[in-house]
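Following: one structure in C-alpha cells, then a few remarks.
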C-alpha cells in the first residue's frame, strides 16, 4: 500500500496539492462561465446570459450538478491523469464515475452542513470517494472544506435532518447523532489546482463564503467498477440494482456487457426552501 493510500485509509481523506496546472485551472474556470451563460446546453433552473464578464455571469449561482453531461471539458476532467493516478491508489484498478458537481460559491453563498456522500450515493462495497478540485485557493474565509478525520471508519450512515443554520448552510439536511467530537475537525485549505480526496462515509462540511471573491471547486464522485450502484437518484429514477449512467475513468468495466445509460441531466443546487421543494433535491 502506498503512503497516500495508507493515509486515506486511516483518516478518510487526502490533500494533494498541484495536481492541475495553472492553465488547466484557468480553462475550467472559463468553461464554468460558459456553462453559466447557457452556451454548453440546458441547465434546469439556469437563465442564459450574454454577459461577456466571466465573473459577473457566475455570481448568481451556487452549484451546477452534472456539468459533464453538457461540457466536454468537464467530462475530460473526470479522467484527468494525475487525479486518476490517486484514485487507483485509494479505490483500486478499475474506477467509474457517476456524478460531477460544479461549485461556484461567490461571496455570501452558503456552505453545506455535516453530511456523508454515501448517504445519497449508495455503493455495495463502501468504495465511494470524491475528488474535490480547487479552482480557487480554498481557505477558511471563503468556505474551504472541513472534515472529521476517521469518521468514515465505523461504516455507519448517520441520520439526516433539517438544520436551523441558514446563516451558514444551504437547504441540504445535516447529519446528526454521530459520536465524533466536532472540535477534532480539520480545515482542508488547498491552493487552486490542489485536490482533496475523501471517503463517501467521511463527515464533512463547509461554511458560508465570507470573502469578497469566489471559492470555485469541481467535485467528482467515483467508486470501484466491480461494485453495483443501486442509486435511484433520490427517487427520480425507478429503483435499480445497478445504475449504469456511469463513465469509466480507469481500468476495465466488469459489467460492460450491460452497456451504459444517459439518465441524469444538469440542474442548479437549491439554496432556498422554495428552490429545494421545486427541484426535490437533497444534495
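The values are calculated or read from the model by the stated rules, or taken from the named source; none is laboratory data. Only a predicted model underlies this, so the values are computations on that prediction, with no experimental measurement involved. Methodologically, a virtual Cβ is constructed for each residue, glycine included, from the backbone with ideal geometry; neighbour enumeration extends over all protein chains shown.
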Of 199, 224, 211, 206, the only residue that is modelled with pLDDT of 95 or more and in contact with a helix residue (DSSP H, G or I) (Cβ under 8 Å, 6 or more places away or on another chain) is 199
The condition of being within 20 Å of residue 99 (Cα to Cα) and buried (at least 22 other Cβ atoms within 10 Å of the Cβ) holds, among 81, 67, only for 67
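Here's the yes/no breakdown for (1) farther than 22 Å from residue 111 by Cα; (2) assigned to a helix (DSSP H, G or I); (3) within 19 Å of the chain's Cα centre (by Cα):
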| position | (1), (2), (3) |
| --- | --- |
| 20 | yes, no, yes |
| 23 | yes, yes, no |
| 29 | no, yes, yes |
| 33 | no, yes, yes |
| 42 | yes, no, no |
| 52 | yes, no, no |
| 64 | no, no, yes |
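Here is a yes/no grid of residues against (1) in a strand (DSSP E or B); (2) crowded, with 22+ Cβ neighbours inside 10 Å; (3) in contact (Cβ under 8 Å) with a residue 12 or more places away in the chain:
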{"site": "60", "(1), (2), (3)": "no, no, yes"}
{"site": "74", "(1), (2), (3)": "no, yes, yes"}
{"site": "93", "(1), (2), (3)": "no, no, yes"}
{"site": "102", "(1), (2), (3)": "yes, yes, yes"}
{"site": "108", "(1), (2), (3)": "no, no, yes"}
{"site": "126", "(1), (2), (3)": "no, no, yes"}
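Which count do you get for residues in segment 134-170 that are within 29 Å of residue 124 (Cα to Cα) and out of contact with any strand residue (DSSP E or B) (no Cβ under 8 Å at 6 or more places or on another chain)?
Kept after step one, since they are within 29 Å of residue 124 (Cα to Cα), are these residues of segment 134-170: 134, 145-163, 170.
Then drop every residue that is not out of contact with any strand residue (DSSP E or B) (no Cβ under 8 Å at 6 or more places or on another chain), which leaves 150-151, 153-157.
Looking only at that region, the number is 7.
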How about segment 239-273: which of its residues are in a loop (DSSP other than H, G, I, E, B), surrounded by fewer than 12 Cβ atoms within 10 Å (Cβ to Cβ) and modelled with pLDDT of 90 or more?
-> 241, 252, 259, 262
Looking at (1) modelled with pLDDT of 95 or more; (2) in a loop (DSSP other than H, G, I, E, B); (3) within 19 Å of the chain's Cα centre (by Cα), which is the only condition residue 150 fails?
-> (3)
Residue list for segment 30-50, filter: touching a helix residue (DSSP H, G or I) at 6+ places or on another chain (Cβ under 7 Å) and within 18 Å of residue 214 (Cα to Cα) | 30, 31, 32, 33, 35, 36, 37
